[in-house]
Amino acid sequence: MKTSGNTILITGGGSGIGAALAHRFAARGDTVIIAGRRQAALDEVAAGHENLHALTLDIDDAAAIKAFAAEVVERFPALNVVMHNAGIMRFEALEGARDLSDAEATITTNLLGPIRLTDALIEHLKGQADAAIVTVTSGLAFVPLVAAPTYSATKAALHSYTVSLREALAGAVEVIEIAPPGVRTDLTPGQADRTGYLGLDDFADEVLALISRQPTPPEILVERVRDFRHAEADGKFAERFKGLNDFARAERKKADKAKADA
């Protein structure tokens, strides 16, 4: 991936990781298009940046994705990088029968969204010099969180899809995966204030340094996520799985107690 002069589309660019990376790419000289559902949030991220543009997109709507792809190519014909960052994380209980709407929404946004948008833009990208597709998965793709099973599963599936896409597009489009650890964002309630998570600016700075390397690594792994990514290969999956889920349960108990005491 070029280190400047790209035209980059970032889904889920209205907050969190998408917004932080959008600002950093724009600052280094890339043209950036951020997309998401909330125009006001997008406009706030883009404010004050001449090379940062905001477009609304409902990533859950297949027809809307096709229309959006046509619009973005028409308005930004130099588009050469797509970053699939939009995602939702819902907590789910697996112990009994339940309403599956959260699971279904998670699959639609986190997995079908990137597949559909890639399909809508693939022919354009194949015709561009220095084209790249960037998927944002998660450390939970490799060590799942029991409380967010569908989220973890969609990220594992997107990792697998990325591996296949990289091989299929070899020599035509570069395919890069970013696998974040727990980062202090608003992805879930209270996450922005969790001291055990990596700060958003620290994460974005480390990602920018890694993705700017030449050649660009196929996997962008900040130091905090490496134990998760390599847990199985290192023979430490069971240990990492237990540690993660014990920590998550303890954090939920603290949050529940604080809520009850309020």
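Just so you know, all these numbers are worked out from the coordinates, no wet-lab data involved. Everything numeric in this text was worked out from a predicted model, so none of it was measured. As a convention, Cβ positions derive from the backbone with ideal geometry for all residues, glycine included, and neighbour counts pool all protein chains shown.
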#### Entry: Computed helical MRE - 222 nm, the chain, DSSP H runs ≥ 4 contributing -39500 (n - 2.57), nearest 500
-14000 deg cm²/dmol
### Task
Of all alpha-carbon pairs in region 29-152, indicate the percentage at a distance above 20 angstrom.
51 percent
#### Entry: Peptide ranges 192-199, 221-228 listed from the most packed, as the mean C-beta count within 10 angstrom indicates
221-228, 192-199
### Message
Can you give me the distance in nm between label points at residue 28 and residue 3, each placed 7 Å from the Cα along the Cα-to-Cβ direction?
### Response
0.8 nm
### Query
Across the chain, how many lysine pairs, 8 or more apart or on two chains, come within less than 22 Å at their alpha-carbon atoms?
6
### Message
With a cut-off of 8 Å between alpha carbons and a minimum separation of six or more residues, what is the relative contact order of the chain in percent?
### Response
17 percent
### Query
Near the amide H of residue 134, under 5 Å away, which other amide H atoms are found, from residues 5 or more places off or on another chain, if H is placed in the peptide plane?
82, 83, 84, 176
### Task
Go ahead and run the numbers for FRET between residue 230 and residue 261, Cβ-Cβ distance against an R0 of 41 Å, rounding to 0.05.
0.55
### Task
Determine ³J(HN,Hα), in whole Hz, for all residues of region 192-203 in sequence, where each value follows from phi through the Karplus function 6.51 cos²θ - 1.76 cosθ + 1.60 and θ = phi - 60°; x replaces Gly and Pro.
5, 10, 6, 5, x, 9, 6, x, 4, 5, 4, 4
### Query
Mind listing P(r) for region 7-261? All alpha-carbon pairs, 5 Å bins, whole percents.
1, 6, 13, 18, 20, 18, 12, 7, 4, 2, 0, 0
### Task
Report, as a whole number in µm² per second, the diffusion coefficient that Stokes-Einstein gives for region 90-219 at 4 °C and 1.567 mPa s using the Kirkwood radius over alpha carbon pairs.
80 µm²/s
### Task
Hey, for a label at residue 44 modelled as a point 7 Å past Cα toward Cβ, could you say which residues of region 13-36 have their backbone N under 11 Å away?
14-16
#### Entry: For region 106-156 versus region 1-59, the gap between their alpha-carbon centres in whole angstrom
18 Å
### Query
So how do 163-170, 152-159, 181-188, 7-14 stack up, highest first, on mean other-Cβ count within 10 Å?
7-14, 152-159, 181-188, 163-170
### Paramagnetic reach from residue 223 (point 7 Å along Cα→Cβ, amide N under 17 Å) across region 192-211
196-211
### Message
Tell me the net charge near residue 195. Cut-off is 14 Å between Cβ atoms, residue 195 excluded, with +1 for each Lys or Arg and -1 for each Asp or Glu.
### Response
+1
